[in-house]
1. Between 251, 234, which is within 27 Å of residue 148 (Cα to Cα) and either touching a residue at least 40 places away in the same chain (Cβ under 8 Å) or part of a strand (DSSP E or B) (or both)?
2. Is it the case that residue 254 is farther than 23 Å from residue 142 by Cβ and within 20 Å of the chain's Cα centre (by Cα)?
3. Among the strands (runs of 3 or more DSSP E) confined wholly to the range 33-138, which include 1 or more residues that are at pLDDT 95 or above, touching a strand residue (DSSP E or B) at 6+ places or on another chain (Cβ under 9 Å) and within 19 Å of residue 315 (Cβ to Cβ)?
4. Go through the residues of the range 258-265 one by one and say whether even a single one is in a loop (DSSP other than H, G, I, E, B), touching a strand residue (DSSP E or B) at 6+ places or on another chain (Cβ under 9 Å) and at pLDDT 95 or above.
5. State yes or no: is residue 305 in a loop (DSSP other than H, G, I, E, B), without any contact (Cβ under 8 Å) to a residue 24 or more places away in the chain and farther than 23 Å from residue 229 by Cβ?
6. Residues that are buried (at least 17 other Cβ atoms within 10 Å of the Cβ), in contact (Cβ under 8 Å) with a residue 24 or more places away in the chain, in contact with a helix residue (DSSP H, G or I) (Cβ under 7 Å, 6 or more places away or on another chain) and outside any loop (DSSP other than H, G, I, E, B): does the range 215-223 have at least one?
7. Quick one: in the range 156-175, which of the residues that are crowded, with 24+ Cβ neighbours inside 10 Å and part of a strand (DSSP E or B) is farthest from the chain's Cα centre (by Cα)?
8. Got at least one residue in the range 278-295 being over 21 Å from residue 196 (Cβ atoms) and surrounded by fewer than 24 Cβ atoms within 10 Å (Cβ to Cβ)?
């Protein structure tokens, strides 16, 4: 696996990446119309499982609304989403393995605003991203933790500082964390940052019940870290016997964890599966192990093509969610 860069080098360079000088991709109206038509067909076909509002501003509690559409072909494999803490209205996204080491700045309506190349790292399988503030600076943690085959001996987390401006550029990690699991390889697509505890939380994808692990956010030195198991997630809905019989693949997938994020106030862990949104509240005297052992609030997700990206809005009043294919709706969900 790639070696971990030294901690705390300069985090940004001003030169734009090669072939990325152009303005954000133009949106041909035919693609926008096709995307809206595809979404409408899905909704009218009964795929949507929650009511969706189309009001301006955040949705009402307990509802979802369509914020925008991802139509840009470069956004066709989005696997991570985080709301910027530095630039209001901007969402940071990244795509899956097999693509360049890059972040996308995306508007809340789904338009790509800029592309940032991440230098000095090798992308194996980026699966989640988290935004957090530390010591007056705004950071993004990129989780290179995907392992579909269960073969990776070590994995990486890369922390980059948010750039001052939304424009095509190159960034270098402020620091990176190389780690391993304590008891063998596993797939992980859900990572969150608890700044108050200077802790990274990681949730396994395929094991039932899902497992919760932690790592130090700022480990001393560059030594390979070992994740610590904290506990298991309770309350993940299980498929009914009829679904297991008639559609075993769907039954197997619908409870797998694909994203996670901690609310800006630090009191709620949001967890996404391919079908559900789970919210684990944490009391002031509780650890996260205790919080996820309790009963979560469970909501069906709006229709999404392979739901893999979830992040709290910067104000903590709602969450953004989208899927991995184009066209894909970008939803705003109020808990």
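1. The conditions single out 234.
2. yes
3. 64-70, 78-83, 90-95, 102-107, 126-134
4. Yes, that holds for at least one residue.
5. yes
6. no
7. 171
8. yes
The values are calculated or read from the model by the stated rules, or taken from the named source; none is laboratory data. Quick caveat: nothing in here was measured; it's all calculated off a predicted structure. Ideal geometry is used to build each Cβ from the backbone, glycine not excepted, and the neighbour counts take in all protein chains shown.
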